[in-house]
Structure formats: C-alpha cells, structure tokens
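To keep things clear, I will list the structure first and then write my remarks on it.
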Amino acid sequence: MGSDHHYPEEAPAHRVSVDGFWMDATTVTNRDFAHFVKATGYITLAERPADPADYPGARPELLAASSILFRKPSAPVDMSNHYNWWHYVAGADWRHPRGPASSIRGLMDHPVVHVALEDVAAYAHWACKALPTEAEWEFAARGGLDGREFVWGDDLTPNGKYMANTWQGEFPYRNTREDGFEYTSPVRAFPPNGYGLYDMAGNVWQWTADWYGDHGTRHRSCCTVANPRGGAAEESFDPNAPGMRIPRRVTKGGSHLCAPNYCRRYRPAARMAQPIDTAISHLGFRCIKRPAPKAEAMP
C-alpha cells in the first residue's frame, strides 16, 4: 500500500492485509442515486442552504445551496491558485452536475457527483452497504497487480490505448479528449481491472471511510498491518469561513481532471484529503459489503 516514488502523502510504501469483502463493480450512478432519492425523499447537502451558525464569518453567497464546479479557463492561468478553475456555483448539485442549466438527462449511467460525505453515508445505509476503508479500496483497485504503477500495469497507455477517463493536453485550459471524454464517462466505458472493477482510476474520485492522516506517522512498522483504519480526524482550514476547521476523509482514484502536468493521481497509491462538508463535480463513491461476523461457538 502506498508509494515511495510520487507524492509525499503516499509514502512510505508499507504492507497491509485486509479481510474479504465484496465491492460494487462500478461507482454509484445517477440512476442508482435517483432510485435512492425516490425511495427516501433524501435531499443532498448541495441542495440545502447552509446554516450560518455552522459557518461563522462565511460570505453570504457561499451559504446558498451550491456546490463546487470545475470551469475550464480559456487560457493558461496561475497553477498555484486552484480558484482559477474551481468555483462555488449556486444550483449545482447531483441533478445539475455541470451547473443549474444542466441535467442528468443522458447521464444516467455516469457516476453521481456533488455528493458530500453525509450523502454517501445515507445512501450506503439505505443500501445496507458501507464505504470501503482506504486499505480495502486500494487492495481492490490493484486487481491483483501488487506494486504496479496503475491498476492495469506499468504503462499509462498500453499499445496506445487509454485505460481510464483522464485529462489529455494541458490542464486546466486545454483538453484534447483523446480518450473520448471531456467530463465524466459512463461507468463501464473503460476496461475493468483484474477483479472486474470499473473506474478504479480516473472518471471520479471516490470517498472512503478513513479519516485523512499521514502514512508516515501510522505505518512505520516492518510488519504487515491487518485491516488498518484512518485515525482521528485531521482538519483543513477553510479560507472562506475564518476560524472554521473542517474534518477530512481520504478519497482515492483520481478523476477525469487528473493530467500528466497536474495531479498525476490516477494511480492506486494516490490519495487526496476531502473536507466532509464539501460536494464537488469530480467526486463520487462506491460501496462494499463485508461478511457478517461469525458467531462464537458455545463452550
């Protein structure tokens, strides 16, 4: 698990083991999520105005029902400022994934996006499933190819074939779409990995059950760690809400916005910290089921 050859948050590479589990073959789609919403009447975080008491000092426009949307600039921009392409957009939500004028018509087999942690937890509970831990997710993503660069091997485009929905060209202003997609793609558009799982790289980032923490502080043992879990919630500072500290979860897999020149995280070892109260246009999820615990034998 992890890597010593890329971003520092992936290090150190370390050995873990996980117990058996079943995983959804695809990320949860708009069709899947629509069934959940129809059955329960659930309203996602992005569809609800924020409570000012929860975000003291936040700008009023950021309290409207909104989500974070990628908007491609028309020319090169300062790469150190992600607000050059990420924008809070009122009316952006899972039903309107590309802004209030959009819809999911024709996108029912695409991954649902603009879902915050509480939304995916509600879906998982309804489906009698769970979110995977980071270790479970990474084990599944590798598909039996232990230590390989990508979920399909060591070549990004074997024999010139694109294996995942990622960004080609110069991020964030020029996408040549050599893989055929500008935004998200249908969940079975690219080949599955060795375990029959689709989109374990690219398309959308995926929530996990682990709080974000440094591998280096949690895994310094030479021994294999069994079923590791993320530790106490680490927090990120929200510049739009002075004084607010937002707990973060691990997300995995990269997205259609990951490019060789920026965020080369379409690899199983890659990881990102995501504030739990945030929905965004390139983040979705998939679920797992674990076997029921065995009953202890009577003496």
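The values are calculated or read from the model by the stated rules, or taken from the named source; none is laboratory data. All of these numbers come straight from a predicted model, not from anything done at the bench. All Cβ positions, glycine included, derive from the backbone under ideal geometry; neighbour counts span all protein chains shown. For the accessible areas, the whole protein counts, side chains as well, though only heavy atoms, and no ligand, DNA or RNA atoms are used. Shrake-Rupley method; radii C 1.70, N 1.55, O 1.52, S 1.80 Å.
Tabulated data
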{"quantity": "Unmet criterion (only one of (1) out of contact with any Lys or Arg (no Cβ under 8 Å at 6 or more places or on another chain); (2) within 19 Å of Lys252 (Cα to Cα); (3) in contact (Cβ under 8 Å) with a residue 12 or more places away in the chain) for Tyr198", "calculated": "(1)"}
{"quantity": "Residues being open to solvent by less than 50 Å² (accessible area, probe 1.4 Å), modelled with pLDDT of 95 or more and not in a helix (DSSP H, G or I) - total across segment 43-56", "calculated": "1"}
{"quantity": "Phe150 being open to solvent by 40 Å² or more (accessible area, probe 1.4 Å) and under 29 Å from Gly194 (Cβ atoms)", "calculated": "no"}
{"quantity": "Condition broken by Tyr123, with the remaining ones in (1) surrounded by fewer than 18 Cβ atoms within 10 Å (Cβ to Cβ); (2) modelled with pLDDT of 95 or more satisfied", "calculated": "(1)"}
{"quantity": "His35, sole failed condition from (1) in a loop (DSSP other than H, G, I, E, B); (2) open to solvent by 50 Å² or more (accessible area, probe 1.4 Å); (3) closer than 28 Å to Asp199 by Cα", "calculated": "(1)"}
{"quantity": "Set Val16, Val28: member being open to solvent by less than 30 Å² (accessible area, probe 1.4 Å) and either within 30 Å of Asp214 (Cα to Cα) or of a type outside the set (Asp, Glu) (or both)", "calculated": "Val28"}
{"quantity": "Single residue of segment 59-110 satisfying the filter (in contact with a Ser or Thr (Cβ under 8 Å, 6 or more places away or on another chain) and among the basic types (Lys, Arg)) that is surrounded by the fewest Cβ atoms within 10 Å (Cβ to Cβ)", "calculated": "Arg98"}
{"quantity": "Restricting segment 153-175 to residues that are farther than 19 Å from Gly196 by Cα and among the small types (Gly, Ala, Ser), the residue that is nearest to the chain's Cα centre (by Cα)", "calculated": "Gly169"}
{"quantity": "Qualifying residue in segment 214-232 (condition: in a strand (DSSP E or B), within 24 Å of Ala140 (Cα to Cα) and at pLDDT below 95)", "calculated": "yes"}
{"quantity": "Flag for Val115 being open to solvent by less than 60 Å² (accessible area, probe 1.4 Å) and assigned to a loop (DSSP other than H, G, I, E, B)", "calculated": "yes"}
{"quantity": "Residue match in segment 170-188 (condition: under 23 Å from Phe21 (Cα atoms) and of a type in the set (Lys, Arg))", "calculated": "yes"}
{"quantity": "Any hit, segment 130-138, residues being touching a residue at least 24 places away in the same chain (Cβ under 8 Å), under 27 Å from Phe171 (Cβ atoms), open to solvent by less than 30 Å² (accessible area, probe 1.4 Å) and part of a loop (DSSP other than H, G, I, E, B)", "calculated": "no"}
